[in-house]
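Asker: After the structure tokens below, expect a handful of questions from me.
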Amino acid sequence: MIPGPIRAVVVGASAGAVEALLTILPQLPDGYPAPVLVVVHVPPDRDHALVALMDPRCRVRVKEAEDKELAEPGTVYFAPADYHLLVETEGTLALSSDELVNYSRPAIDVLFESAAHAFGPDLLAIVLTGANEDGAEGLLAVCQAGGTALVQDPASAMAATMPQAALRACPSAQIADMDGIVAALRAAGGAA
Amino acid sequence: MTISAPVEDIEIELLLEALNQRYHYDFRHYARASIRRRLTQARIQLGFASLSAMQEALLHDAALLPRLLNYLTVQVSEMFRDPGYFRALREQVVPHLKTYPSLKVWVAGCSNGEELYSLAILLREEGLYDRTLFYATDINPNALVAAETGIYSLDLIRRFTENHQKSGGRSSLSDYYRADHGRAVFDRTLRERVVFSDHSLVTDAVFSEMHLISCRNVLIYFDRDLQDRAVGLFRDSLVRHGFLGLGSKESLRFSAHSAAFTEFVRDEKIYLRQGA
Ligand SMILES: C[S@@+](CC[C@H](N)C(=O)[O-])C[C@H]1O[C@@H](n2cnc3c(N)ncnc32)[C@H](O)[C@@H]1O
């Protein structure tokens, strides 16, 4: 079961991300009580249109993460192309142009590890569809810090590699299909 | 017994304190999440069981310092990185620079020199090179040596060339280097007018009056206070109506010194120093 109130949600997705996020994010209620930080692997040159795509379809606010802004509840933040997204212990966002991690920038591991440190048990981390292994180590860090780890059922994922790797790294993670993920998000946010 | 901060947080504080007191490299006000990652990476790759063990070794063995600096500073760069920035310099800033009989340009946080050579090539293409004196500064000694050497792997050149073209380059990048054993050796005349120097935006002072300062993807690693310190340094280093260019995700929006600047090319983070 999902324990007490969470302070943040982190989400990682790669191949198949757009469809998955289009299923999930529009179902978050207005005023969702935690910030949702999202890393999607996008090619460095294409300033990704995810914000423009998601924002009009969502009840929560959707924006690109900016360096040193405070992560606010009720808001979904996407990592910008070609920057890692991290979160500081005070809950502010940080961008960095460090080396690629798992061949990507942004990398899911980088976000998850920083969030595990910042939020400990008050974190919900979700690994969605993807064709690489980014996010597995990060999810392990979340588990070790006592956070809640949730992985998309590989059978329901457009690309199973990423959820599979996450489950290998973090066998205690919960597995859910899309409906289950939405339900867990809403439950973590205190709504039924 | 009350347990306060996690042990690793304390270790980070102490290690940064040691680094500052012993070697005067001050990372205490760098964005902490990234420093934590990089210290962890250093600890693992340098083979220490804990950050405390790494701190002890560092205090007693100065040879560890440059190796640690390579972890603590991020040497990710490209020539003509973000071509739109260089295009904006070319099209909108250069016409103003042309009105000065002599110019000083400061590349702060020059890393291995990619940004410096980009500007040197750009100003040469625009006919300004011969009247310009460049300062290229960094805190990482290995990076400064690499910058002064001006040699890059040929694998990178294709990307650099594409960027250069997109930035509105009037010449071919290949005019500026020769290939040698898988490496591109950049023309030494590009650095004839460059002073390479160890200078920290955290601890060092103003050293000259500049017409253009390019400081990209450095402030992003600082916390707000440190950003204010560095931007204050830029404010005091720029001539009236001098230019400051930042990285694409950096801005002066929250800076204590934002009133001293106006946006010049908003999307490319190029600012104009206002008269005092
Ligand atoms: C990510 S690189 C940016 C390179 C280049 N400006 C670019 O945008 O491509 C950051 C550089 O800032 C340097 N740096 C870090 N702290 C600094 C300080 N306090 N003063 C000057 N340079 C610093 C690092 O050594 C590194 O070379």
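The values are calculated or read from the model by the stated rules, or taken from the named source; none is laboratory data. Being a predicted model, the structure only gives us computed values, none of them experimental. Here Cβ is always computed from backbone atoms with ideal geometry, including for glycine, and neighbour counts include all displayed protein chains. Just the protein is used for accessible areas: all its heavy atoms, side chains included, with ligands, DNA and RNA removed. Shrake-Rupley method; radii C 1.70, N 1.55, O 1.52, S 1.80 Å.
Asker: Would you work out the charge dipole size for segment A:8-188 about its Cα centre, treating the Cβ of every Lys and Arg as +1 and the Cβ of every Asp and Glu as -1, and quote it to the nearest 20 debye?
Answerer: Numbers: 9 positive and 24 negative charges, 100 e Å.
With only Lys, Arg, Asp and Glu charged at Cβ, the dipole is about 480 debye.
Asker: When Cβ neighbours within 10 Å are restricted to other protein chains, what is their mean count per residue of peptide B:30-40?
Answerer: Details: counts 0, 8, 8, 17, 10, 0, 6, 10, 3, 0, 1.
Mean number of neighbouring Cβ atoms from other chains: 6.
Asker: Which residues, if any, in segment A:55-87 have at least 40 Å² less accessible area in the whole protein complex than in the isolated chain, probe 1.4 Å?
Answerer: For segment A:55-87, once contacts with the other chains are taken into account, A:ASP67, A:LYS68, A:TYR83, A:LEU86 lose 40 Å² or more.
Asker: Of the peptides B:256-263, B:26-33, how do they stack up when ordered by the mean number of other Cβ atoms within 10 Å, highest first? The partial results should precede the final answer.
Answerer: Values: B:256-263: 16.0, B:26-33: 20.6.
Ranking, from highest mean packing down: B:26-33, B:256-263.
Asker: Something else now. To make sure I understand the rule: partners must be lysines, Cα under 23 Å from the Cα of A:LYS68, and not fewer than 8 residues away in the same chain. Which ones qualify?
Answerer: Hits, sequence-local ones excluded: B:LYS249, B:LYS269.
Asker: Additional query: Return the value, in Å² to the nearest 100, of accessible area buried between chains A and B (probe 1.4 Å, both sides summed).
Answerer: Summing both sides, the interface buries roughly 1900 Å².
Asker: Right, next: Between the helical axis of B:51-60 and the dominant principal axis of chain B, each derived from Cα atoms, what acute angle in degrees is found, rounded to the nearest 10?
Answerer: The angle comes out near 80 degrees.
Asker: Using θ = phi - 60° and the Karplus form 6.51 cos²θ - 1.76 cosθ + 1.60, what ³J(HN,Hα) does each residue of segment B:211-216 get, whole Hz, x for Gly and Pro?
Answerer: 9, 9, 10, 10, 9, 10
Asker: If you don't mind, another one. What net charge is computed for the residues neighbouring A:ILE181, neighbours being all others with C-beta under 15 Å from the C-beta of A:ILE181, Lys and Arg scored +1, Asp and Glu -1?
Answerer: Numbers: positive: A:ARG186; negative: A:GLU19, A:ASP153, A:ASP177, A:ASP179.
Counting the neighbours of A:ILE181, the net charge comes to -3.
Asker: Still on this structure, please answer the following. Taking the solvent-accessible surface of protein heavy atoms with a 1.4 Å probe, what is the per residue accessible area of segment A:55-192 in Å²? Kindly include the intermediate steps, with their values, before the conclusion.
Answerer: Working: 4900 Å² over 138 residues.
Value returned for segment A:55-192: 35 Å² of accessible area per residue.
Asker: Along the principal axes of its C-alpha atoms, what lengths does segment A:8-188 span, in descending order and rounded to whole Å?
Answerer: 35, 34, 31
Asker: Let me ask something else. Pairing the Cα long axis of helix B:224-237 with the longest principal axis of chain B, what angle in degrees results, from 0 to 90 and rounded to the nearest 10?
Answerer: Roughly 40 degrees between the two axes.
Asker: Write down Rg/Rh for the protein assembly as shown, rounded to two decimals, with Rg from the C-alpha atoms and Rh from the Kirkwood relation over Cα pairs.
Answerer: Values: Rg = 23.3 Å, Rh = 23.6 Å.
We get a ratio of 0.99 for the protein assembly as shown.
Asker: Roughly how many Å is it from the Cα centre of segment B:39-54 to that of segment A:148-187, as a whole number?
Answerer: 32
Asker: Using a 1.4 angstrom probe on heavy atoms only, work out the carbon and sulfur share of the accessible area of segment B:7-72 in %. Don't skip to the end; give the middle numbers.
Answerer: Working: 1640 of 3140 Å².
Accessible surface attributable to carbon and sulfur in segment B:7-72 totals 52 percent.
Asker: What is the average number of partner chain Cβ atoms found within 10 Å of a Cβ in A:89-97?
Answerer: Numbers: counts 6, 1, 0, 4, 1, 7, 9, 11, 13.
What the average comes to for A:89-97 is 6.
Asker: Defining a contact as two alpha carbons under 8 Å apart and six or more residues distant in sequence, what relative contact order in percent does segment B:1-136 show? Could the numbers behind the result be given before it?
Answerer: On the way: 99 pairs, mean separation 25.6, N = 136.
Once normalised by length, the contact order is 19 percent.
Asker: Moving to a separate point now. Where does the Debye-calculated log10 I(q)/I(0) of segment B:169-276 sit at q = 0.14, 0.16, 0.19 Å⁻¹, using only Cα point scatterers of equal weight, no solvent?
Answerer: -0.67, -0.81, -0.99
Asker: Net charge within 14 Å of B:GLN45 by Cβ-Cβ distance, Lys/Arg positive one each and Asp/Glu negative one each, not counting B:GLN45 itself?
Answerer: Working: positive: B:ARG37, B:ARG38, B:ARG43, B:ARG67; negative: A:GLU99.
With Lys, Arg at +1 and Asp, Glu at -1, the neighbours total +3.
Asker: Can you list the DSSP H helices in chain A whose Cα atoms extend at least 27 Å along the helix axis and whose mean Kyte-Doolittle hydropathy is -0.5 or higher?
Answerer: none
Asker: So what's the projected area for chain B, the Cα convex hull averaged over all directions, in nm²?
Answerer: Details: hull surface 64.9 nm².
That works out to 16.2 nm².
Asker: Also, quick follow-up: Antiparallel as a % of all DSSP beta bridges within the protein assembly as shown, to the nearest 5?
Answerer: Working: 21 of 64 bridges.
Taking every DSSP beta bridge within the protein assembly as shown, about 35 percent pair in antiparallel fashion.
Asker: Related question: Using +1 on the beta carbon of Lys and Arg, -1 on that of Asp and Glu, and nothing else charged, what's the dipole of the protein assembly as shown about the Cα centre, debye to 20? Working shown, then result.
Answerer: On the way: 44 positive and 59 negative charges, 202 e Å.
Dipole about the Cα centre, nearest 20: 960 debye.
Asker: From the backbone phi of segment B:134-142, what are the Karplus-calculated ³J(HN,Hα) couplings (6.51 cos²θ - 1.76 cosθ + 1.60, θ = phi - 60°) in whole Hz, Gly and Pro given as x?
Answerer: With coefficients 6.51, -1.76 and 1.60, one gets 9, 10, 10, 10, 6, 9, 8, x, 5 Hz.
Asker: Let me ask something else about it. Show that you can apply the helix-only estimate: for the protein assembly as shown, add -39,500 (n - 2.57) for every DSSP H stretch of four or more residues, divide by all residues, and state [θ] at 222 nm to the nearest 500.
Answerer: Calculated from helices alone, the mean residue ellipticity at 222 nm is -10500 deg cm²/dmol.
Asker: Turning to a different aspect of this structure: Treating each Cα of segment B:49-149 as an identical point scatterer and ignoring solvent, apply the Debye formula and state log10 I(q)/I(0) at q = 0.16, 0.17, 0.18, 0.24 Å⁻¹.
Answerer: Each listed q corresponds, in turn, to -0.74, -0.80, -0.86, -1.25.
Asker: I'd like the distance separating the alpha-carbon centroids of segment B:173-222 and segment A:63-106, in whole Å.
Answerer: Centre-to-centre (Cα) distance: 28 Å.
Asker: What whole-number value in Å² describes the accessible area per residue of chain B for a 1.4 Å probe? Could you put the intermediate results ahead of the total?
Answerer: Numbers: 12200 Å² over 276 residues.
Accessible area per residue: 44 Å².
Asker: On each of the three principal axes of the Cα atoms of segment B:7-72, give max minus min coordinate, whole Å, ordered largest first.
Answerer: Cα extents, longest axis first: 26, 24, 22 Å.
Asker: Same structure again: If we count every other residue with Cβ under 11 angstrom of A:GLY74's Cβ, Lys/Arg +1 and Asp/Glu -1, where does the sum land? Can you show the working numbers first?
Answerer: Working: positive: A:ARG59, A:ARG61; negative: A:ASP30, A:GLU72.
Surrounding charge for A:GLY74 is 0.
Asker: If you fit an axis through the alpha-carbon atoms of helix B:7-23 and take the longest principal axis of the Cα set of chain B, what angle between them do you get, 0 to 90°, nearest 10?
Answerer: 60
Asker: I've got another one for you. Write down the percent of antiparallel bridges among all DSSP beta bridges whose residues are both part of segment B:83-273, to the nearest 5. Present the calculation step by step, with values, prior to reporting the outcome.
Answerer: On the way: 14 of 33 bridges.
The antiparallel fraction comes to roughly 40 percent.
Asker: Pull up all non-local amide H partners of A:GLY74: gap of 5 or more, or a different chain, and H-to-H distance under 5 Å with H placed in the peptide plane.
Answerer: Those qualifying (amide H under 5 Å, at least 5 residues apart or on another chain) are A:TYR32, A:ALA34.
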